[in-house]
Structures are given as structure tokens and as C-alpha cells.
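Where a number appears in this text, it was derived from the coordinates with a stated rule and is not lab data. Every value quoted in this text rests on a predicted model; they were computed, and no experiment measured them. For neighbour counting, all protein chains shown are included, and Cβ atoms are generated from backbone atoms with ideal geometry for every residue, glycine included.
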Amino acid sequence: MKNIKFLSKQGNSAKPNEDKITVLDNAAWILDGATGLTGKRITEKETDALWYVEALDDYLKKHINSSKDIKEIIKNAIKEVKEKYSKYDGFNDLEEIDYPCAALALLRFNSKELEYYVIGDCTLIYSQENESIKEIVDRKLIGLEENILRKMCEVSKVNNISVLDARKLCNDEVISVRKLKNKLNGYWILEFNEDVVDRGLYNKISINGEISICITSDGFSQFYDTFNLAQDYKVFINLLKESNVEDIFNTLYEEQEKDSNCNDYPRLKKRDDTSIIYFEL
């Protein structure tokens, strides 16, 4: 690994950062947690999503060097984390909509091969010598959230309010999407069912020459897919290669501040937790 750059920032100073990033000698991952819609909390952490991503992160750190493939490791992580979560008082009173969940982009590698796993709306982008740039992301959740954004824009126009304020009037749409979690007509994300792991995007890539690799939470991918601050993945990867990642984040932050009501660049909140890992092999 060389030219390693990473960053994770909370989106709202009043709430904890529910993203979790880890960089090891032979692996790296981003977990992007989401609290249950009702905000119920049964753990000792500020939110159950924070507890969830920290528990998954701890398991992955201990077991990522296992001889098992990473899907099997993630399944075992889900099984153990569910067992721990179910022991908290109040677990039996929760409905599925209350459960925390998390998107994940995970990489494991050696000098010859890169193994990846992506689920939810985290993104992997990689560029290998003499090959086109590849983006790996599951667009199911992204597509469903775009439906919510369209509704927010409609409500904004009808009521002459900001797009961000319209979010408060679109709770039915938000709940409807969350109820599609881990359903065939919905989207896939880590929660407490280890079988869902098989729905993620998994592959192994042979490494032939230098490869540049980037994984992001959806908060950081706003840089190119929402605010269009990089015209394509090649520009984005080159920017990461040559620039300070804090400067890239600050550019995004400033644009989010300029559009604090989400009118010019519709999104579900002014700023999401924002995480990125970049390196070269």
C-alpha cells in the first residue's frame, strides 16, 4: 500500500458519526450505519447504529485474516453481533423498522489479488493500468432514495418551502422505503440476517500493474454524484491521487453550506456522515 489517504467526518455536530473506517496492511473497509427510523435505543451507545458498526468493525479486525472468504467472515460477524444485540433489555419490544443497519465496502488484498465486497450505498472505484475505471455500487437503495427526493421537490414547490423543510412532510415515503429493507422489491443492507450477505456485490480482481483504489460512504460520493465537482471517475481518482483529502472534503463542505436548504442539489439532509479511503497497490 502507498499514498494512503483516509477521512471520516460526522455530518451533524449534534449527532454521532455513524460511519466507521478501518485501514490495515492488507484490508480496508467503510461501514455506514443507519439508526432505526423510530430512533429507539437499547444499547449504551449514543445510537444503536453506532453500537452496530463498532461491533461489526471489532469482529472484522479480529477475523479479516482468516482463510475464509470475506462473505463468510461477514456472515459470522452478523451472527455474533445479532447474538450480542439480542441480549439487551428491550430487544424483544423492537420491530424490524427499529433495527440498526449498515452499508459496507470492504477490501482485502495481497500483491496479486484484490477481493471486494459491497452492499448498500457505499461505493468502490478502482483504476488499473491500461484498463477502464470501474465503479462498484448497488444502485437499488440509491434509486429508491431518488424517489423520495422527487417527492420532496414536489412538496417544496407546492408549499413554497425549501426542499430540506419538505423532508418533514415526506415521512410516509421515507418509512415506505425503509420497509423495503432486505426485500426482493427493495434493497439489500447488513442488519441481523446473515443470508442477506449473499445479496452483496463480491468479486476478486487480479492485480496487473499499479492500481488506484477508493471506497466511500454515500456522504463523500456526493462530491461527484450530487454536486458534480468531478466530471467523471477518472477526474475524481486523479484528484485523490494528487490532492490532500481534507482539501477535497472542504470543497464539498463549502458547497453543502452554500446550498444549506438543499434547493439546488436535492438530498435527504444538508450533510451526511462523510468517509473515504484511498490508496494504491
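Cross-link partners for Lys134 among the aspartates and glutamates, with Cα-Cα distance under 18 Å and sequence neighbours closer than 8 places in the same chain left out: Glu113, Glu115, Asp121, Glu210, Asp218, Asp225, Asp232, Glu280.
For the stretch 133-281, what is the convex hull volume of the alpha-carbon atoms per residue, in Å³?
Each residue corresponds to 128 Å³ of Cα convex hull volume.
The alpha carbon convex hull volume per residue for the stretch 23-126 rounds to 103 Å³.
Here's the picture: charge each Lys and Arg Cβ at +1 and each Asp and Glu Cβ at -1 in the stretch 50-152, and of Leu60, Gln128, Leu141 the one pushed furthest to the positive end of that dipole is Gln128. With the convex hull of the Cα atoms taken as the outline of the chain, the averaged projected area works out to 14.7 nm². Each label was represented as a point 7 Å from its Cα along the Cα-to-Cβ direction; for Asp198 and Asn244 these points are 4.9 nm apart.
Taking R0 as 22 Å, what's the FRET efficiency between Leu180 and Asn92 from their Cβ-Cβ distance, rounded to 0.05? Intermediate values should be presented prior to the final figure.
On the way: r = 24 Å, r/R0 = 1.09.
For R0 = 22 Å, the calculated efficiency reads 0.35.
Report the calculated FRET efficiency for Lys71 and Ser206 (r = Cβ-Cβ distance, R0 = 25 Å), to the nearest 0.05.
On the way: r = 19 Å, r/R0 = 0.76.
Calculated value: 0.85.
Across the stretch 152-157, coupling constants 3J(HN,Hα) worked out from phi with the 6.51/-1.76/1.60 Karplus curve, θ = phi - 60°, read 4, 5, 4, 5, 4, 5 Hz, and Gly and Pro carry x. Between the stretch 233-281 and the stretch 34-113, the alpha-carbon centres lie 26 Å apart.
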